[in-house]
Amino acid sequence: MRLINRYSLVIILSVCATYVWSQTITTPYSNYGIGEVHDLALPQNEAMGGLGISVPSRYGINSINPAWLTNNSLTSFQVGIKADLRNYKGARSSAENQTASIRYMAMSFPIVHNKWTSSVSLLPYSSVNYDVYSIKQVEGTNDSVYNQFKGTGGLSQLSWAHGITLFKRTNIGLRASYVFGAITHNTRNFLTGAGITTNYVVDYEEINNYSDFMFSVSLGQQFKIGDAKFINLGVVYDLPTTLHGLRQENLSRLTVDNRLITRLSLIQDEAVSYQAGQSIGAGLALENIGKFQYGIDFRYSQYDGSSITGNAIRPKNTLNFAVGGRIIPDYKDINSYMKRVSYRFGVNYKELPYVINESNINEFGINFGASFPVRGYSNLDSVFRFGWRGTTDNSLIRENFVQIVFGITINDRWFIKRRYD
């Protein structure tokens, strides 16, 4: 019965994900390229600022560096919900927005105990969610033109990863990801004023559907320096990829209450592509098994050949880093529950892959969280993150945000035939 209940939970959560996956972080900076590109951090990594290249996770799935999957001797299933509360401030105005969505679903299972572990995950690759407008006066008249710019959608990645032990404390990781999804951009214009007799909205719509594969390789190396103490070195390399897709363009005329008057198809199924450059990350960590982990990760990504284009916009290569750690006061203390909790903390710095109006767009976040043990080796995970990005200089927008993640990690021995009933 317990086995049936576990499988039922996975199926129910998978079905629920199809209905809420499209809800994403709302940011005007998702207007460019394929939108806001997300990292692969699950809660145990995100609470440490995104640290994951250099740190194994024995009771959680490392989706950042698959080489560490060999540390997962149990079958693991993880799912979590992320809420985002964001404030936007421009030179003349401000606004707020809140969203919530299923952030991740992942499962890992050992194939050869402590030598080969595989994982399957469904994560957002990028998201597009913005809604901005401008009002300009028509020269020589008292009339104004209202411009609305809106984007929705994003890309998801379904990944299959493997961690394999080559030599004692030397592991390699392989990951193949199928990236798919649709991104829609709408530009709407209409005239307002006393002299306007014909009142309707012109809507230009662009829909890009992408589907392609991405690959990465990784390394995890441990150096023993004492009893249960190790120095961990990790390296991840994402191969350069061209995402191929099809584009549609439509031009519509609508009433002001959004009823369709006419619709013209301008382009149908035109080939498009997006150049996703190579990325390399490296990390170093100090670990005392069952007590603490401290580390630092760096990642350099190339975007200078990408398809980010527009007026006063140019792509740039990025450098991101994360510093963080985890402590467990005493995981053997059966008298104090709070001493068995894993406490995590970290900071991260992220460069966005474009320059707008000669301004770099950077993000800084402060993260902390905890994993609360429940029955067996399972956990309830929580992450709290706050930070800011962007600037109000050069007609740009500064964003302040608070993000909250709640998740569950189920660790158990699945797929084992019972000897006794």
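Descriptive notes on the structure:
- Cβ pairs under 9 Å, 6+ apart, first in the stretch 114-125 and more than 25 Å from Lys82 (Cβ to Cβ), second part of a loop (DSSP other than H, G, I, E, B): Asn114/Ser73; Thr117/Asn72; Thr117/Ser73
- As a summary of the residue check, Glu139 satisfies the conditions (1) among the charged types (D, E, K, R); (2) surrounded by fewer than 14 Cβ atoms within 10 Å (Cβ to Cβ); (3) modelled with pLDDT of 90 or more except for the one numbered (3).
- In the stretch 295-319, residue farthest from Gly283 (Cα to Cα) [restricted to those that are at pLDDT below 70 and among the hydroxyl-bearing types (Ser, Thr, Tyr)]: Thr309
- Looking across the stretch 41-71, the residues that are closer than 14 Å to Asp381 by Cα and either among the hydroxyl-bearing types (Ser, Thr, Tyr) or touching a residue at least 24 places away in the same chain (Cβ under 8 Å) (or both) come down to Leu42, Pro43, Gln44, Glu46, Ala47, Met48, Ser57, Tyr59, Gly60, Ile61.
- Total residues in the stretch 215-233, condition part of a strand (DSSP E or B), among the hydrophobic types (A, V, I, L, M, F, W, C), farther than 11 Å from Leu286 by Cβ and at pLDDT below 95: 0
- Test: residue in the stretch 143-150 that is out of contact with any Ser or Thr (no Cβ under 9 Å at 6 or more places or on another chain) and either at pLDDT 90 or above or not hydroxyl-bearing (Ser, Thr, Tyr) (or both): no
- Of all residues in the stretch 76-103, those satisfying the criterion of being surrounded by 15 or more Cβ atoms within 10 Å (Cβ to Cβ), hydroxyl-bearing (Ser, Thr, Tyr) and either at pLDDT below 90 or more than 20 Å from Leu380 (Cβ to Cβ) (or both) are Tyr88, Thr99, Ser101.
- Among the residues of the stretch 331-380, those identified as in a loop (DSSP other than H, G, I, E, B) and touching a Gly at 6+ places or on another chain (Cβ under 9 Å) are Tyr331, Lys332.
- Residue match in the stretch 105-123 (condition: surrounded by 24 or more Cβ atoms within 10 Å (Cβ to Cβ) and more than 23 Å from Ser382 (Cβ to Cβ)): yes
- From the list Ser378, Ser395, the lone residue that is over 30 Å from Ser73 (Cα atoms), at pLDDT below 95 and more than 21 Å from the chain's Cα centre (by Cα) is Ser395.
- Subset of the stretch 1-48 that is modelled with pLDDT under 90, out of contact with any strand residue (DSSP E or B) (no Cβ under 7 Å at 6 or more places or on another chain) and among the aliphatic types (A, V, I, L, M) - its residue that is surrounded by the fewest Cβ atoms within 10 Å (Cβ to Cβ): Met1
The values are calculated or read from the model by the stated rules, or taken from the named source; none is laboratory data. These numbers come from a predicted model, not from an experiment. A quick note on method: Cβ atoms are made from the backbone with ideal geometry, for glycine too, and the neighbour counts reach across all protein chains shown.
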